[in-house]
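The values are calculated or read from the model by the stated rules, or taken from the named source; none is laboratory data. All of these numbers come straight from a predicted model, not from anything done at the bench. In this analysis, Cβ positions are derived from the backbone assuming ideal geometry, glycine residues included, and neighbour counts consider all displayed protein chains.
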Amino acid sequence: MFVDNKDRSRCMALVEEDRQITSPAAKIPYFPLAVKRGRGAMVEDLDGNSYIDFLASAGAINAGHCHPKVVDAIKKQTEELILYTPVYMYHEPLIKLTKELISITPGSFRKRAYFGLAGSDANDGVIKLARIATGRPKIMAYLRAYHGSTYGALSLSAVSLPMHRGLGPTLPDIHHVPFPDTYRPPFPGMTENQVTDFALEQIKIAFSTNVPPEELAAIVIEPIQGDGGLVVPPVRYMQELRKLCDEYGILLVSEEVQQGFGRTGKWFGIENFGVVPDAIVMGKAIASGLPLGACVARADLIEKWEAPAHLFTAAGNPVCCAASLATIEVIREENLLENALRMGERIKNKFLQMQQKYEIIGDVRGIGLSIGVDLVTDRETRERNRAAAAKICYRAWQRGLLLSFFSGCVLRIQPPLVISEEQADEAMEIIDQSFRDYLDGDIPDSVFETVKGW
């Protein structure tokens, strides 16, 4: 039987203090971890316990915790200028970063960018931009999508009732359609092509009933549906969606807050589907943990709106821009796109081997270092196994691995892109042991008092 003999007293004290004074609306707890420092793909808690990080601070630390080049860029910039709002003035780091983002986003057309403080407000900006640029009022997004917590991003989202309950009306004229989920299809036994056709047909039905296509400004889609369970759409669906948007003059927006900046082995997830969107929304990993969001879009779209339609005093501040520029350098110099593919394949293959041993692993899916492991109570019914996900994540933490789940039952495998083979293999051994502990009944139900999750 496993015995957790780690000292966690300082962590527990801080967690209890947090419970008394911070907003419960801002917490989705998994385990009582108080982080003190992070380096690369490792973090350390207040009590000195070390953990391999398979979460990367919710996918925000792609270049690794406190990368020396990023830290140095931040230090140097803070000694020169922390902020003079670019709303009224100009600064060089913002221009340099804008040029870099334009260079790495797909599309041969002329581009421009806008900046914010997070992926959430970048998504709010997309709603404004699409409506202003097209003169159309309606926006289409997806069921089980998560786009953030500001009011516009929340209105685009359709993944969790607590996000909406009691808030009153969200933004009008935002419509949701099913995402093409091949593992949990609309009807049992559907093939990938049938799922694709069904999902496309739902859009066409909307066009003929309640969403006139000539009134639809944009379709906003995650190239891999993140918090919905890391669901990878069929390539044909994404390509047919592009054609559909072209047919009706609708903008296609790729929401890359979670999948961008190298996570899938390409700069942006949409590149895995051979599709060029009209706009790409980004956040999270863009500045290695500093608050920054952005959107790069066709210049002709961005040139149609004017100030103060979407501006923030601290958006694109010099320190965050310096961190983002350094992040881009690290990804290039350390070949992290290649490492994401190589390590993603290594980890995914190990999970596929585990799937042969453990009946509760229903599906293993993903691209690069964005992998979802779907736990079920029964492989035939594919009923979500939340209990297994919660207990396995908790035991993995006890054994020295930060692992989380979302969509009720999907293990979220999104480590920093700098993770090594040795760290990955050690993490997979911890996960394997945690599966065995769960199946042996060695993880008590009391963990549910702590683990909430999505």
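What the table shows:
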{"read-out": "Subset of region 158-208 that is surrounded by 16 or more Cβ atoms within 10 Å (Cβ to Cβ) and of a type in the set (Val, Ile, Thr) - its residue that is farthest from Arg365 (Cα to Cα)", "value": "Ile174"}
{"read-out": "Residues located in region 206-224, provided they are charged (D, E, K, R) and either in contact with a helix residue (DSSP H, G or I) (Cβ under 8 Å, 6 or more places away or on another chain) or modelled with pLDDT under 95 (or both)", "value": "Glu214, Glu222"}
{"read-out": "Given (1) within 18 Å of Cys295 (Cβ to Cβ); (2) acidic (Asp, Glu); (3) without any contact (Cβ under 8 Å) to a residue 24 or more places away in the chain, index of the condition Asp246 fails", "value": "(1)"}
{"read-out": "Residue in region 396-415 that is in a helix (DSSP H, G or I) and more than 30 Å from Gly262 (Cβ to Cβ) present", "value": "yes"}
{"read-out": "Flag if Ser434 is outside the structural domain of Asp181 (by TED's automatic domain parsing), buried (at least 21 other Cβ atoms within 10 Å of the Cβ), among the hydroxyl-bearing types (Ser, Thr, Tyr) and under 18 Å from Lys6 (Cα atoms)", "value": "yes"}
{"read-out": "Members of region 425-454 found to be polar (S, T, N, Q) and part of a helix (DSSP H, G or I), listed by number", "value": "Gln433, Ser434, Ser446"}
{"read-out": "Odd one out for Glu429, checked against (1) acidic (Asp, Glu); (2) in contact (Cβ under 8 Å) with a residue 24 or more places away in the chain; (3) surrounded by fewer than 20 Cβ atoms within 10 Å (Cβ to Cβ)", "value": "(2)"}
{"read-out": "Any chance Asp378 is at pLDDT 95 or above and under 19 Å from Gly228 (Cβ atoms)", "value": "no"}
{"read-out": "Where Ile371 falls short, out of the listed (1) in a strand (DSSP E or B); (2) out of contact with any helix residue (DSSP H, G or I) (no Cβ under 6 Å at 6 or more places or on another chain)", "value": "(2)"}
{"read-out": "Total residues in region 129-157, condition more than 21 Å from the chain's Cα centre (by Cα), surrounded by fewer than 24 Cβ atoms within 10 Å (Cβ to Cβ) and hydrophobic (A, V, I, L, M, F, W, C)", "value": "2"}
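Let's see how each residue does on (1) in a helix (DSSP H, G or I); (2) out of contact with any strand residue (DSSP E or B) (no Cβ under 6 Å at 6 or more places or on another chain); (3) in the same structural domain as Ser157 (by TED's automatic domain parsing); (4) modelled with pLDDT of 95 or more:
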| residue | (1), (2), (3), (4) |
| --- | --- |
| Asp246 | yes, yes, yes, yes |
| Gly262 | no, yes, yes, yes |
| Glu271 | yes, yes, yes, yes |
| Ile280 | no, no, yes, yes |
| Val296 | no, no, yes, yes |
| Leu301 | yes, yes, yes, yes |
| Thr313 | no, yes, yes, yes |
| Ile328 | yes, yes, yes, yes |
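Here's the yes/no breakdown for (1) out of contact with any Cys (no Cβ under 9 Å at 6 or more places or on another chain); (2) within 23 Å of Asp45 (Cβ to Cβ):
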{"residue": "Arg384", "(1), (2)": "no, no"}
{"residue": "Cys393", "(1), (2)": "yes, yes"}
{"residue": "Ser407", "(1), (2)": "yes, no"}
{"residue": "Gln414", "(1), (2)": "yes, yes"}
{"residue": "Ser420", "(1), (2)": "yes, yes"}
{"residue": "Glu426", "(1), (2)": "yes, yes"}
{"residue": "Gly453", "(1), (2)": "no, yes"}
